[in-house]
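Enquirer: Provided herewith is a single structure, encoded as structure tokens, for subsequent inquiry.
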Amino acid sequence: MDTGEVSDHWDWETESTPTHDPALWKTAPASDRKLSQSEDRPASAGGGKVTGLADKDEEEAKVKEPEIDIQSVLYVQGNKVCADLADLKLTQIPDALFDSEKLSCLFIINNKITEVPDAVSHLENLEVLVLSGNRLETINRAIFRLPKLQIFDVSNNDIETVSSELSGLQTLNQLILNGNKLQAIPGSIGFMKGLRVLGVNENRLQEIPDSIGQLENLEILGLERNNLEFLNPAVCRIEGLQRLGLSGNQMTNLPREIENLVCLEQLLLDDNEFEFIPVQVFWLEELRELALSGNQLTTIQPEIRQLKELRVLGLNNNKLTSLPKEICHLTHLTILGLENNQLEALPEDIAELYELREIYCGSNQLKEIPEGICWCSNLEILSLPKNQLERLAVEFENLKKLNKMILSENKFERIPTAVGALSELEVLYLDGNALIELPEEMGGLQKLQHLVLARNKFRDFPSAICDMTALEYLDISENQVQELPLNICKLTNLTILNLSRNLVDVLCPEFCSLVKLKVADLSNNAIEDLPEEIAALVALKDLNLSNNHFFEFPKIVCAIRSLERLSFSQEEGAKVPSLPDEIEFSYVHTLIVSHNTLRTLPSTISVMKKLVDLRADHNEIAVLPDIICKMKRLQVLHLNDNLLTSLPIELDRLKGLRDLRLHNNPLRTPPMDVCVSGVLQPIGRFIRRAVQREEMLLLRMFEVIKPSLTKNELRYLMKKFHFPDEKMVELEQTYHGKELLPQRVYAAMLVWRELKGPKATADELIRILHLVGYQQLSDKLRNMKIMAQRLRL
């Protein structure tokens, strides 16, 4: 439970001054935060560094500065004039903006501004200035002369120092400097008596100036993710401080004077080096949130009982082996985080925590759940994954408000029928256990929307699931289910189904009644065919049929008009030798047909209207159809580990292609060292030049052959070329007589080239002459080719 994670904006109370987005300006209540270690951590008190602000590539740098119509960015909120220039890729602030003398609020967020011009001093009525997410390295001193400024935010820039002139902002009440490169706070900060919020999170601070103790009106102080080893006792003179963020430093203790913070409600000490809870903390009787996750705690002192007002306690990621019984005296506790410790039991008196709403105790060594937890009747979230639990108490049915229960990776072999009485349950994780069935009573979970049963021992699809009609997400992967029940059609709200790694060989037509299904993972089963009714899945967008037992590519999937992604990779399944011509009727955006035995791609693939991503790695593709060069929408083409020796001459017409992969092909035209970059321009240039060279060499070889064959030798060669009889007669009549025999030979070579198409190469001609026994002529042409290659090199 990473507590203390709140919005990185400001607590806004003055109605007369508008906000850009009210939702961003308020401090999030603890109950809305992510508290489990398995969930992502948002930025805490005053926030973290926004990513994605590094210098872009040269191409982006050349983008023309957008022209801004100042009137289009102005708006009125209440009696205040505001300007919003967020996310416009600006590198400088438009000059016209500084002519807006009545401007009260200016938001220039997530741009590329490197400096603020002196003209900012013209904005004498400015109350809010937000410049977060830019590339500022310094703060223009003209800002410090704005007489009415109340909120100043330059978070997530590259500022290294702040001038002492900052104290000139005597009307300022919120100063946000998070996510910069500050190594010090100017001592003049102490003169800013009106400050209520000061955020200096995620900088490089090693110490805090003594003058900070003069900020008598400060309520929120964020010093998280710096390099602090101790807290300056001067901070403890701010008796009205309500929230103190010190997470992500290197602290091992707190000053004794912290007992003076009699109004402190939130103390955030996550990710430090505490080996015990400083005893001074227990004197903070108004404390409502204590965050100590990610430290080195081995024990919790009994004095914790003194924190009578505590609502949120975060102790995740420590080294706790037990909890004191006194923790049960915290009767107002609503959220308790104990994940990733070494706990073997929870206190027997946990029922005393009757206001508890959320408990996180995953990744411990719990062997049983105390019966008392069943009497925490306000419990809404119970998270106990990765323990050694084998059973649930029958009294679990008392948890009438339980909304989410996570029991993943334990040792459950059965689930009690009492779980079916949890009428408010919406999310249930039972994956990674040893379940073989579910009680029929669980069908009564009429509000359950998310059910995970992966990695158990189910042989039969639990019939109770079919009665959970509100179910939207079902994961029953990695079991031994052999068939789907007919009643699966009752899951009319199901949108995501993961049935992968089971033993299903037939899909019943009733499966096709799931009209809201958007994602279906049927991979790694034993499916041989699909029912015709599958075309009725009008909402299906993502279908995975990989590693099954299909005899051929299922044409019926081409009739699913909503389908956007189709996976048919058969590394562990039955490989198919071809794709049907009907593929042209598919509307998929992404087609994955890797690990089959495809020898080519059908020409109709070029007609696929929405295909942008084609992956056909690990096949036997020797030739790409030229028509593939007409697929102007194609952006991704993966053909690794095939048998390609050449590429279409007009491949570089695929102007939208940004990801081309051709590794491990026996490419000669062009060679692999040209293709390895995947850049089309040099590939296309090489192919055209190679084709021209091949054409010239072939014609020169025809000239050599022209006087070298007798009439009978030519007739024999034409038969080996598989010329039709009428074509041989036509040539003999057109070029009749001994005098025209050389012309007849040359014409026959041209006919061979026409019939053979792209395969009519110098190597192929040399090979055929060798096979028919014209060794001397074959050797002569081979020497010609070697000489041509030497000249080219």
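The values are calculated or read from the model by the stated rules, or taken from the named source; none is laboratory data. For clarity, every value in this text was computed on a predicted model and none was experimentally measured. Cβ sites come from the backbone with ideal geometry, for glycine too, and all protein chains shown count toward neighbours. Ligands, DNA and RNA are excluded from the accessible area calculation, which covers all protein heavy atoms including side chains. Shrake-Rupley method; radii C 1.70, N 1.55, O 1.52, S 1.80 Å.
Enquirer: Could you run through region 222-275 and say how many residues are in contact (Cβ under 8 Å) with a residue 60 or more places away in the chain, over 16 Å from Glu286 (Cα atoms) and among the polar types (S, T, N, Q)?
Expert: 1
Enquirer: Further question: If you check Leu392 against the conditions, is it assigned to a loop (DSSP other than H, G, I, E, B), at negative phi and modelled with pLDDT under 95?
Expert: The answer is yes for Leu392.
Enquirer: Another one. Can you tell me which residue among Arg633, Arg693 is in a helix (DSSP H, G or I) and either modelled with pLDDT of 90 or more or surrounded by 13 or more Cβ atoms within 10 Å (Cβ to Cβ) (or both)?
Expert: Arg693
Enquirer: Taking Met784 and the conditions (1) open to solvent by 50 Å² or more (accessible area, probe 1.4 Å); (2) at pLDDT below 85, which numbered condition does it fall short on, given that it satisfies the others?
Expert: (1)
Enquirer: I'd like the full set of residues that are without any contact (Cβ under 8 Å) to a residue 24 or more places away in the chain and polar (S, T, N, Q), limited to region 197-214.
Expert: Gln206 - this is the single residue of region 197-214 that is without any contact (Cβ under 8 Å) to a residue 24 or more places away in the chain and polar (S, T, N, Q).
Enquirer: Considering region 379-424 alone, what residues qualify as being more than 18 Å from Met442 (Cα to Cα) and of a type in the set (Ser, Thr, Tyr)?
Expert: Ser383
Each row is one residue, and each column tells you yes or no for (1) of a type in the set (Val, Ile, Thr); (2) within 37 Å of the chain's Cα centre (by Cα); (3) buried (at least 22 other Cβ atoms within 10 Å of the Cβ).
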residue: Glu124; (1), (2), (3): no, no, no
residue: Ser132; (1), (2), (3): no, yes, yes
residue: Asn157; (1), (2), (3): no, yes, yes
residue: Val197; (1), (2), (3): yes, yes, yes
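Enquirer: Let me ask something else. Among all residue pairs at least 6 apart or on different chains, which show Cβ distances below 7 Å where the first residue, located in region 706-728, is open to solvent by less than 60 Å² (accessible area, probe 1.4 Å) and the second is not hydrophobic (A, V, I, L, M, F, W, C)?
Expert: Sorted first by the residue in region 706-728, then by its partner, the pairs are Lys706/Pro742; Lys706/Tyr746; Leu714/Arg744; Met728/Arg715.
Enquirer: For region 652-680, how many residues are modelled with pLDDT under 80 and at negative phi?
Expert: Qualifying residue count, region 652-680: 13.
Enquirer: Continuing with this model, one more query. At pLDDT 95 or above, more than 33 Å from the chain's Cα centre (by Cα), outside any loop (DSSP other than H, G, I, E, B) and farther than 22 Å from Glu101 by Cα: which single residue out of Ile212, Ile208 fits that description?
Expert: Matching residue, one of Ile212, Ile208: Ile212.
Enquirer: Now, a different point. Go through Leu438, Leu497 for me and flag whichever is open to solvent by less than 50 Å² (accessible area, probe 1.4 Å), without any contact (Cβ under 8 Å) to a residue 60 or more places away in the chain, part of a strand (DSSP E or B) and not polar (S, T, N, Q).
Expert: So the residue among Leu438, Leu497 that is open to solvent by less than 50 Å² (accessible area, probe 1.4 Å), without any contact (Cβ under 8 Å) to a residue 60 or more places away in the chain, part of a strand (DSSP E or B) and not polar (S, T, N, Q) is Leu497.
Enquirer: Consider Phe585 carefully, then state whether it is among the aromatic types (Phe, Trp, Tyr), surrounded by 20 or more Cβ atoms within 10 Å (Cβ to Cβ) and either under 25 Å from Asn547 (Cα atoms) or at pLDDT below 90 (or both).
Expert: no
Enquirer: Quick check on Ala747: is it surrounded by 13 or more Cβ atoms within 10 Å (Cβ to Cβ) and more than 23 Å from Val623 (Cβ to Cβ)?
Expert: yes
Enquirer: More than 14 Å from Glu202 (Cβ to Cβ) and under 29 Å from the mean Cα position of the chain (by Cα), is that true of Arg141?
Expert: no
Enquirer: Restricting to region 213-237, name every residue that is surrounded by fewer than 23 Cβ atoms within 10 Å (Cβ to Cβ) and within 23 Å of Gln150 (Cα to Cα).
Expert: Listed by number, the residues that qualify are Gly213, Gln214, Glu216, Asn217, Glu219, Ile220.
Enquirer: Among Ser423, Ser377, which is the only one that is open to solvent by 10 Å² or more (accessible area, probe 1.4 Å) and either farther than 19 Å from Tyr360 by Cα or in a strand (DSSP E or B) (or both)?
Expert: Selected residue: Ser423, the only one of Ser423, Ser377 that is open to solvent by 10 Å² or more (accessible area, probe 1.4 Å) and either farther than 19 Å from Tyr360 by Cα or in a strand (DSSP E or B) (or both).
Enquirer: In region 290-307, is there at least one residue being small (Gly, Ala, Ser), open to solvent by less than 10 Å² (accessible area, probe 1.4 Å), touching a Leu at 6+ places or on another chain (Cβ under 9 Å) and in a loop (DSSP other than H, G, I, E, B)?
Expert: The answer is yes; a qualifying residue exists.
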